[in-house]
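First up is the structure itself, then whatever we jot down about it.
The values are calculated or read from the model by the stated rules, or taken from the named source; none is laboratory data. As the structure is a prediction and not an experimental result, all values here were calculated from the model. Using ideal geometry, Cβ is built from the backbone for each residue, glycine included, and neighbour counts are taken over all protein chains shown. Note: areas computed on protein heavy atoms with side chains; ligands, DNA, RNA excluded. Shrake-Rupley method; radii C 1.70, N 1.55, O 1.52, S 1.80 Å.
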Amino acid sequence: MSLRRILYNAGRVLSLDDLRAEQAYHRARVQRLARVAIGAGIVSGLEVRCGRREITVMPGSAIDCLGEVVEVSEATSLPLPPHSRERCWVMLTYQETVGESASVPSDGENATVEPGWVEEWAALSIDWSDPMRGHRRARHRYIACGTSHGVPLARLVVRSGQWRTDPAWRPTRG
Ligand SMILES: [Zn+2]
C-alpha cells in the first residue's frame, strides 16, 4: 500500500482538505508500523478475571487489525451476559467520539460552534463470535487484516451454570 503526503512549497495556500490529509498521513503511517511490526492482538496486560456477575479486565494495551492502539488504563468491570449461549468473547474495541466544541469564524459573520475534537478511547463489550476467525497466522500471532474491529481478550464458556474463562483458548498476542 502506498501513502501520499503533501509537498510544501513557499506560497502554497493550505486548505482544510490539506490539513486533514496531513493528519491522515501521520495516522496511516503509525497504523502501518503497528500492523507490520507488531501485528494484531494484546501487547501487554489485559488479563480477564471472571466473577459471578461480572468480568474485570486488568490494565494493558493491544493493537487492533487497523493498527490502532487500544488501552485500558485501570481495572474495568463489565456485566456478564445471560446464559443464552454456551460461549462468548470479551472484546476490546477502538472508539472515536466527536465532541468538545470549538468556535469557527464564518466569513465575517458571527462565529459558529462546531465539534472541535475527536476523543480516542477503548470500549469493552461481549461478542458472540470470534472476530479473529479466518485470520492468517504467522507463528504465534495473527496477521492484521487491515480493517477496524475488536481485539478478543478472552473466551468465556458456561460451566456448571456459570461463565468462566476458557483455558483452552489463547488470546492473540501482538
Ligand atoms: Zn482483522
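List of remarks:
- Each label was represented as a point 7 Å from its Cα along the Cα-to-Cβ direction; for W128 and A37 these points are 4.0 nm apart.
- Label point of R87 set 7 angstrom out along Cα-Cβ; within region 130-167, amide nitrogens under 11 Å from it belong to 130, 155-158, 166-167.
- For the chain, the residue among I6, W117, H149 whose Cα projects farthest onto the positive side of the dipole built from Cβ charges is H149.
- Computed extension length for R137-D18: 39.1 nm, one decimal, from 0.36 nm per residue of separation with the Cα-Cα distance subtracted.
- Scanning the chain for chymotrypsin sites (Phe, Trp or Tyr not before Pro) lying in DSSP loops with no more than 10 further Cβ atoms inside 10 Å, the longest uninterrupted stretch between such sites is 9-127.
- Using a probe of 1.4 angstrom and keeping all protein chains present, the accessible surface of the chain works out to 67 square angstrom per residue.
- Distance distribution note for region 69-143: the fraction of Cα pairs above 18 angstrom is 66%.
- For the chain, the longest principal axis of the alpha carbon atoms and the long axis of helix 16-37 meet at an angle near 30°.
- Helix-derived mean residue ellipticity, 222 nm - over the chain, DSSP H n ≥ 4, -39500 (n - 2.57), to 500: -4500 deg cm²/dmol
- The relative contact order of the chain comes to 25 percent, based on Cα pairs under 8 Å that sit 6 or more residues apart.
- Loop trypsin sites (Lys or Arg not before Pro), region 60-138 (other Cβ atoms within 10 Å of the site Cβ: 14 or fewer; DSSP): R85, R133, R136
- Alpha-carbon Rg with Dmax, taken over the chain, Å: 20.5, 72
- Mean Cβ count within 10 Å, highest first, over the residues of peptides 41-47, 68-74: 41-47, 68-74
- Solvent exposure ordering (accessible area, 1.4 Å, most first) of R5, R12, R139, R29: R139, R5, R29, R12
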